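Readers should treat all values here as calculations from the given coordinates under stated rules, not as data from a laboratory. Not measured: the values here are computed from a predicted model. Virtual Cβ from ideal backbone geometry, glycine too; neighbours counted across all protein chains shown.
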Amino acid sequence: MFSWKKLGKVFTPQEVNHLPWLKEFAQAPATLIFEDFVRIYFSCRPSADEKGMYVSYSAWVDLDRHNLFKVLRFAKDPILSLGGHGEFDEFGTYPVSIIRDEGVVKAWYAGWTRCESVPFNVAIGMAQSYDEGETFQKMGPGPAISYSPDEPFVMSGPKIRHFNGQWQLFYIAGSKWKKVDGRAEPVYKIRMATSTDGINWKKLNKDLISSRIEEDEAQASPDVFFANGKYHMFFCYRYSADYRGKQNGYRIGYAWSVDLIDWHRDDSRAGIDVSESGWDAEMISYPHVFELDGEVYMAYLGDQVGRYGFGLAKLEGELI
Amino acid sequence: MLNWKKHGLIFSPTLNPPLVNGVGFAQSPQALVFDDYVRIYFSTREQEASTGKFISRVCYVDMDKSLQEIIRISPAPVIGPGALGAFDEHGIFPFNVLRHKGKIMAWTTGWNRRVSVSVDTAIGLAISEDEGETFSRHGNGPVMAASMNEPYLVGDAFVAHINGCFHMWYIFGTGWKKKSPEAEPDRVYKIAHAKSDNGINWERDSKTIIDSVLDDDECQALPTVIEAGGRYHMIFCYRECFDFRLQQGRGYRLGYAWSGDLSTWHRDDSQVSQLMSQGEWDSNMQCYPHLFRCDDKVYLLYNGNSFGKEGFGLAEMML
């Protein structure tokens with residue numbers, strides 16, 4: 001058995017005053033560990049435009065390795081620019097997943113465009129950094145992984161991993177847009193693709209995680225961590241309707257696998273839930289698990305899917 | 001030099017409306033040859049109630065083998081509407097059919113509207129097991145969509161099965177351009193080629209294969225390929241990037257290229273210059289060509305003025 005001891009929120013985006021593109025949200029944390037500090041990538045937004053529409057950027061914050069609640073610095077600029085006219089990432093680059101590979105830092109990210117009948121569509125792009133993850137260059141103007149017959153839209157939430165000499169990309173794919181009170185709401189499930197070179201991907205074309213709370217449950221942030229001979233996945237899930245509040249909003253789920261393909265879901269073992277009060281009392285989402293100096297941590301989002309920032313929790317017990 | 005015989009307009013959607021609540025057009029005619037007749041698929045339009053915008057639906061007309069007499073028109077569109085948020089939600093145009101192992105495969109170009117640009121497109125696959133009467137989708141998503149080096153519109157598939165391999169000629173967008181800062185963006189697209197073993201998974205090399213004759217912004221569309229006389233002939237249409245809807249001489253006309261090896265193409269528009277006309281249904285514009293063989297003859301279907309509003313016509317390549 002294991003559980004997560006909450007340590008608190010790392011920073012509040014509303015209190016960061018010097019960056020015009022960082023006004024609200026610090027979403028989808030992803031770590032890159034350095035000798036003296038831990039770089040946490042996250043996605044954020046400037047103020048909404050006159051129509052109330054947001055764009056989203058990704059950036060990073062460096063935290064003191066020996067005190068993860070001490071902010072050392074923020075990125076000067078977003079790590080990726082928005083795409084040009086008609087490109088898949090014209091209105092957002094969120095979220096991002098980061099990995100080191102032979103001296104290069106590689107990023108897979110979701111790019112957002114706006115549609116007419118539904119609010120948006122998303123596809124997965126790729127970028128590389130040659131300066132230890134400070135800045136990134138897109139590998140091309142189009143997506144690295146796009147839509148296919150069984151993954152027709154909303155390809156998002158990439159999480160890149162490299163296990164046993166093979167690349168795994170966990171992500172979500174939309175299965176339907178559901179009309180709820182006249183509004184189109186996306187239903188998405190957790191999927192995976194594999195690659196030997198990180199460029200050409202083979203989709204597994206299978207929902208990895210069975211739905212539990214309802215058939216149209218939406219699942220996101222498939223974060224896979226290897227420990228004690230097993231793959232542990234922490235993810236988040238929500239109801240398809242009225243999910244912007246506490247009752248139907250995001251919670252963190254858990255599944256395990258020995259082969260990365262067949263997953264056994266058991267949310268009762270997730271070991272973390274909403275708090276009685278405070279910044280994460282309504283919902284918790286977008287988990288990211290990482291190991292640092294002999295401890296295992298989870299970064300996760302609180303209320304309103306990270307509008308007020310992300311926090312950390314520490315593993316108690318063993319991931320078995 | 002290729003020699004052509006024109007047979008004029010053969011189908012008018014005004015005289016033979018394919019949809020009860022349709023608003024005209026019979027675009028991108030594409031043929032499926034049967035023993036006693038030729039079925040010609042085309043995209044026609046209906047108007048979306050909520051927005052007043054057009055949606056393209058695929059219908060067919062069966063014609064006798066002289067290609068002059070209409071036998072019947074499809075009772076309803078051959079494929080249902082696309083799903084909410086899917087790549088083909090706002091219509092299918094064009095619709096390219098191929099008979100293969102007892103089924104009819106159709107590569108669709110699906111349209112979905114965007115906010116910052118007017119539209120995005122991708123290529124889907126649909127299958128008919130009733131001789132092309134009705135089609136069902138191979139999934140709600142596309143078989144070929146935007147990719148790393150083809151970031152915009154992907155569409156206008158034409159597929160042939162040659163020596164055990166599916167070959168697709170298609171177009172991909174190379175950018176959205178504005179004539180002036182205030183103007184709505186216009187798209188630029190070029191012809192490319194992909195290969196597949198099964199018609200579903202495609203390998204593409206993301207490079208243009210047909211030289212431009214206008215300038216770099218020449219828009220090339222709807223390639224169609226046929227083998228005749230020991231070489232491959234490709235006909236397509238091309239136009240200027242800006243003001244192509246209104247200004248005379250800037251709209252679509254037919255282009256031509258040939259190849260001996262399906263790899264290198266030699267452009268030579270003079271091979272189709274004989275098709276030009278004056279004061280006719282196709283004198284201002286010629287577009288959306290489709291080559292097919294029927295009883296040892298090679299035919300060209302194509303649209304004329306106003307992108308096929310008045311219907312489609314026929315020409316014959318004299319062998």
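Under the simplified labelling scheme, the A:K230-A:N17 pair shows an inter-label distance of 4.9 nm, with each label point 7 Å from Cα along Cα→Cβ.
Sorted by mean Cβ packing within 10 Å, highest first, what order do the peptides B:217-224, B:71-78 take?
Top of the packing list down: B:217-224, B:71-78.
Give the cross-link partners of A:K202 among the lysines, using a straight C-alpha distance below 16 Å as the criterion and excluding same-chain residues fewer than 8 apart. The reachable lysines, counting only those whose Cα sits under 16 Å from A:K202, are A:K159. Given the pairs A:K179/B:K103; A:K9/A:K178; A:K138/A:K179; B:K65/B:K103; A:K138/B:K190; A:K203/B:K195, which are separated by over 25 angstrom at their Cα positions? Beyond 25 Å: A:K179/B:K103; A:K9/A:K178; A:K138/A:K179. Length gained on full extension, B:M318 to B:Q248: 22.2 nm, using 0.36 nm per residue less the C-alpha separation.
Please list, or write none, the aspartates and glutamates whose alpha carbon is within less than 15 Å of the alpha carbon of A:K176, excluding same-chain residues fewer than 8 places away. Filter leaves A:D150, A:E151, A:E185, A:D207, A:E214, A:E215, A:D216, A:E217, B:D88, B:E89.
Which whole number gives the average, over all residues in A:138-151, of C-beta atoms from other chains lying within 10 Å of the residue C-beta?
Numbers: counts 1, 2, 6, 7, 12, 6, 2, 2, 11, 12, 9, 10, 4, 5.
So the per-residue partner count for this stretch is 6.
The Rg/Rh ratio of segment B:213-319, with both radii computed over alpha carbons and Rh defined as the Kirkwood radius, is 0.96. Within the listed set A:Q247, A:Q304, A:Q27, the Gaussian network model of chain A (springs between alpha-carbon atoms below 10 Å) gives the highest mean-square fluctuation for A:Q247.
Partner shielding of B:145-156 amounts to 6, given as the average count of beta-carbon atoms from other chains within 10 Å of each residue beta-carbon. The orientation-averaged shadow of the Cα convex hull for chain B, equal to a quarter of the hull surface, comes to 15.7 nm². Between the alpha-carbon centres of segment B:1-60 and segment B:263-310 there is a gap of 15 Å.
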